[in-house]
Amino acid sequence: MEFKDYYQVLGVERSAVAADIKKAYRKLVRKHHPDVNKAADAQSRMQELNEAWEVLQDPEKRAAYDQLGQRWQGGADFKPPPDWNAGFEFSGAPEGWDGGGGGGSGSGNDPDHSAFFESLFGAARRASAGRSQRPADARRAARGNDHHAKIVVPLDDAFTGATRTLTLQSADLDAHGRPQMHARQLAVTIPKGLKAGQQIRLAGQGEPGFGGGLAGDLFLELQFESHPRYRAEGPDLYATLPVAPWEAALGAQLRVATPGGEVEISVPAESQAGRKLRLKGRGIPPADAKGT
């Protein structure tokens, strides 16, 4: 997968202000929209323009993209680093989205977005689908959009539960139309038994409502820090057990550390490297509270 330089797509500098980005987008849409441009690549070009607009007009997405984009150039082979966006808040799809870019090389989840876009922002966009944007009549009460962020916590929290103070980064535009970062701290309860990929909902911590409407919610997607001993897959844990050659050949009784304490395990005779031994009930415990 290639890295997309969205600034290059719109023909603007990385220092461009919001007004310049909007002007460039509108100019290119008038030129490449399939209703006026019958070239074979018009739809794919519109898809690129819409993606670039969706990211660069949104202070949150732009700030996260800028941090990521410092490491790659357009066209370079790309794979998102693990938890690249941890701690960033994202809201839903923007106002002004132009639907002219249908088709194209989507990832399968959404034909209007490329695999590159989906790998970065697809999860937050899908989670926000269906939420209304600011109403045309600003006097009418409307609920604020939900926000979404990824948090990374120690694996031990899944066994004991924890309350952690987390710092989340969000962005808006300064007086010059450039994204500026803001940090806020939240005390978050991590329920015992929560699995990687599950979400914690914080009611009323999303975007403020309009016209007296309720605030949206904040959804925190949980991921685990790398652990020196265990690898989590859903509720199951995996660990490498070193054994001596004679123990594998003859069999042995070994003491093994688990999150709940040491247990004894039987290594069968004639065991080969890569064999899996199961300790039932020694993975992540059942959840205290239901995830989403």
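The values are calculated or read from the model by the stated rules, or taken from the named source; none is laboratory data. Only a predicted model underlies this, so the values are computations on that prediction, with no experimental measurement involved. Positions of Cβ are generated from backbone atoms using ideal geometry, with glycine treated the same way; all protein chains shown enter the neighbour counts.
Filtering the range 189-211 to residues that are hydrophobic (A, V, I, L, M, F, W, C) and closer than 18 Å to ASN85 by Cα leaves ALA196, ILE200. Of the residues examined, GLY274 is one that is part of a loop (DSSP other than H, G, I, E, B), more than 32 Å from the chain's Cα centre (by Cα) and either without any contact (Cβ under 8 Å) to a residue 12 or more places away in the chain or crowded, with 16+ Cβ neighbours inside 10 Å (or both). Return the only residue of LEU222, LEU254 being under 30 Å from LEU168 (Cβ atoms), surrounded by 11 or more Cβ atoms within 10 Å (Cβ to Cβ) and out of contact with any Pro (no Cβ under 6 Å at 6 or more places or on another chain). That would be LEU222, the only listed residue that is under 30 Å from LEU168 (Cβ atoms), surrounded by 11 or more Cβ atoms within 10 Å (Cβ to Cβ) and out of contact with any Pro (no Cβ under 6 Å at 6 or more places or on another chain).
Going residue by residue through the range 62-71, is there one that turns out to be modelled with pLDDT of 80 or more, surrounded by 13 or more Cβ atoms within 10 Å (Cβ to Cβ), under 27 Å from THR189 (Cβ atoms) and not basic (Lys, Arg)? There is at least one residue in the range 62-71 that is modelled with pLDDT of 80 or more, surrounded by 13 or more Cβ atoms within 10 Å (Cβ to Cβ), under 27 Å from THR189 (Cβ atoms) and not basic (Lys, Arg). For the range 146-203, how many residues meet the condition of being modelled with pLDDT of 85 or more and assigned to a loop (DSSP other than H, G, I, E, B)? Final tally of qualifying residues: 14.
Is there a residue being surrounded by 15 or more Cβ atoms within 10 Å (Cβ to Cβ), more than 18 Å from the chain's Cα centre (by Cα), in contact (Cβ under 8 Å) with a residue 24 or more places away in the chain and farther than 22 Å from ALA18 by Cα anywhere in the range 163-183? No, that holds for no residue. When LEU28, LEU56, LEU49 are screened for being more than 22 Å from ASP172 (Cα to Cα) and modelled with pLDDT of 90 or more, only LEU28 passes. Among the residues of this structure, ALA93 does not count as one that is assigned to a loop (DSSP other than H, G, I, E, B), aliphatic (A, V, I, L, M), exposed (fewer than 14 other Cβ atoms within 10 Å of the Cβ) and modelled with pLDDT under 80. If only residues of the range 149-170 that are hydrophobic (A, V, I, L, M, F, W, C) and in contact with a Gly (Cβ under 9 Å, 6 or more places away or on another chain) are counted, the one that is nearest to PHE224 (Cα to Cα) is VAL152. Determine, yes or no, whether ARG229 is under 23 Å from ALA158 (Cα atoms), in contact (Cβ under 8 Å) with a residue 40 or more places away in the chain and in a loop (DSSP other than H, G, I, E, B). Criteria not met by ARG229.
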